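Undergrad: Just passing along the structure, written as C-alpha cells.
Each reported figure results from applying straightforward, stated rules to the coordinates on display, with no laboratory input. These numbers were taken from a predicted model, which means no experiment stands behind them. Here the Cβ positions follow ideal geometry from the backbone for every residue, glycine too, while neighbour counts run over all protein chains shown.
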Amino acid sequence: MPSDTRLPKSTTVAVSPLVDLRVIQRQGGSGLPFLLVHGLASNARLWDGVAEHLAAAGHNSAAVDLRGHGESSQVSEGYDWATLAADLAEVLNSLGWESAIVAGQSWGANVTLEFAARHPERVTALSLIDGGFLRLRDDLPEWPEARRMLSPPSFNGMTMESLAAAMRVRLQSFPEKAIEAQLANLTVDENGSVRNRLSFDNHIAILRHLWEHDPDPVGAEVSIPVQVIAVSGGSPSKPVRVSSFAETSGAEIHWMDGHHDVHAQQPERVAALLLNLVERSTS
C-alpha cells in the first residue's frame, strides 16, 4: 500500500472568476514534477495508475480536469487553444511550480503542445500520448463529415450499471480502477439514464477547434525534449502523420500496441516512458 503522502489529494483551482478546475495531486518526492492532461470527453482519473508509478519513482504529479470535463466547471466558452493553455498556466501557479514535465493524451496532447509553444518557460519536456500530432483534416477534409463521424455517442437510456457491465467486457485488458475512471466520464440524469459529463455543444466546439488545428508549425516552435507515444493501428495514414510531426518537432517516437487510452490500460509502461524524459531534461 502507498504511504499517506502518496495518496491522491483532490483540490480546486480557480483559473478565472467563473471557472474552477479539479486537480488530483500525488506527492512523490523531490524529482521533477509532472502535469497530466486528459483527452476529449475524458477526465483526470485516467492518469491514476501512471501517477502512482511516478510517485513511487520520486515525482510529484498533478492531473487536471479541463474545463467542461470531470468535476471542473461546466462552461460554454474558453475551448480555444489560448484559453486552455492559460488554464494550465494557472494550475501550475496554484501549485507553486515554475515548470513541469507535461503529458497529454489525444486532444489533451494537442492542448499541451499549444501550452508548450505559448508558455515555453513553464514546460520542461513534453509527452504526447496518441495525440499532439492529430490533424483531423487529413482524413476528414470536410467539417460536416468530421462532425458526423466524431460526434459523441448516445447511450439510449442505458443505466450506469448496464454500461459498467458492458465496459468490463469490452475493456478486459484494463485494470479495474481504469474502468472506474472511464465510468467517471459519465453522470446520471434525473431519469436514471447515463449521459456524458462534457455537454454535446462543448464537445462539438472542441472538435471544431481540433479539426482546424495544424500541429506541425506549433511543434516547430517547441525546443524542449518531446516524445510521442503512438498506439499502433487506426488510420492507415497515422504512421506518416506521426513521422511528419516528429520531423518538425524533433520528437522521439515510441510505438505501443494497445488501446487509445493506453495510459490507463498500461500505466506502468507509459510511466516508464515518461520517466525517460527526466533523464533527457537533466542531461
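Undergrad: Identify all residues within the stretch 241-260 that are out of contact with any helix residue (DSSP H, G or I) (no Cβ under 9 Å at 6 or more places or on another chain) and aliphatic (A, V, I, L, M); write none if there are none.
TA: Passing the criteria: only Val242.
Undergrad: Okay, next question. Within the stretch 247-272, which residues are in a loop (DSSP other than H, G, I, E, B) and closer than 21 Å to His59 by Cβ?
TA: Gln266
Undergrad: What are the pairs with Cβ atoms under 8 angstrom where one residue, in the stretch 222-233, is over 16 Å from Gln265 (Cα atoms) and the other, located anywhere, is among the hydrophobic types (A, V, I, L, M, F, W, C) and surrounded by fewer than 22 Cβ atoms within 10 Å (Cβ to Cβ)? Sequence gap at least six, or different chains.
TA: Taking only residues 6 or more apart or on different chains, the pairs are Val222/Ala117; Gln227/Ile253; Gln227/Leu273; Val228/Val242; Val228/Ala246; Val228/Ile253.
Undergrad: Looking at (1) within 22 Å of Phe245 (Cβ to Cβ); (2) exposed (fewer than 14 other Cβ atoms within 10 Å of the Cβ); (3) touching a helix residue (DSSP H, G or I) at 6+ places or on another chain (Cβ under 8 Å); (4) not β-branched (Val, Ile, Thr), which is the only condition Ser151 fails?
TA: Here Ser151 meets the rest and fails (1).
Undergrad: Would you tally the residues in the stretch 23-78 being out of contact with any strand residue (DSSP E or B) (no Cβ under 9 Å at 6 or more places or on another chain), touching a residue at least 60 places away in the same chain (Cβ under 8 Å) and aliphatic (A, V, I, L, M)?
TA: Looking only at that region, the number is 1.
Undergrad: Please go through the stretch 157-212 and pick out each residue that is aromatic (Phe, Trp, Tyr) and closer than 16 Å to Gln265 by Cβ.
TA: Result: Phe174, single match.
Undergrad: For the structure I just gave you, tell me whether Val228 is surrounded by 16 or more Cβ atoms within 10 Å (Cβ to Cβ), under 17 Å from the mean Cα position of the chain (by Cα) and under 12 Å from Leu134 (Cα atoms).
TA: Criteria met by Val228.
Undergrad: Name the residue that is surrounded by the fewest Cβ atoms within 10 Å (Cβ to Cβ), counting only residues in the stretch 246-283 that are β-branched (Val, Ile, Thr) and farther than 30 Å from Glu180 by Cβ.
TA: Thr282
Undergrad: Could you tell me which of the residues Glu121, Glu145, Glu161 is within 20 Å of Leu88 (Cα to Cα) and surrounded by fewer than 16 Cβ atoms within 10 Å (Cβ to Cβ)?
TA: Only one candidate passes the filter, namely Glu121.
Undergrad: Here is a follow-up. So in the stretch 116-128, with the set limited to residues that are assigned to a helix (DSSP H, G or I) and touching a residue at least 40 places away in the same chain (Cβ under 8 Å), which one is farthest from Arg208 (Cα to Cα)?
TA: Pro120
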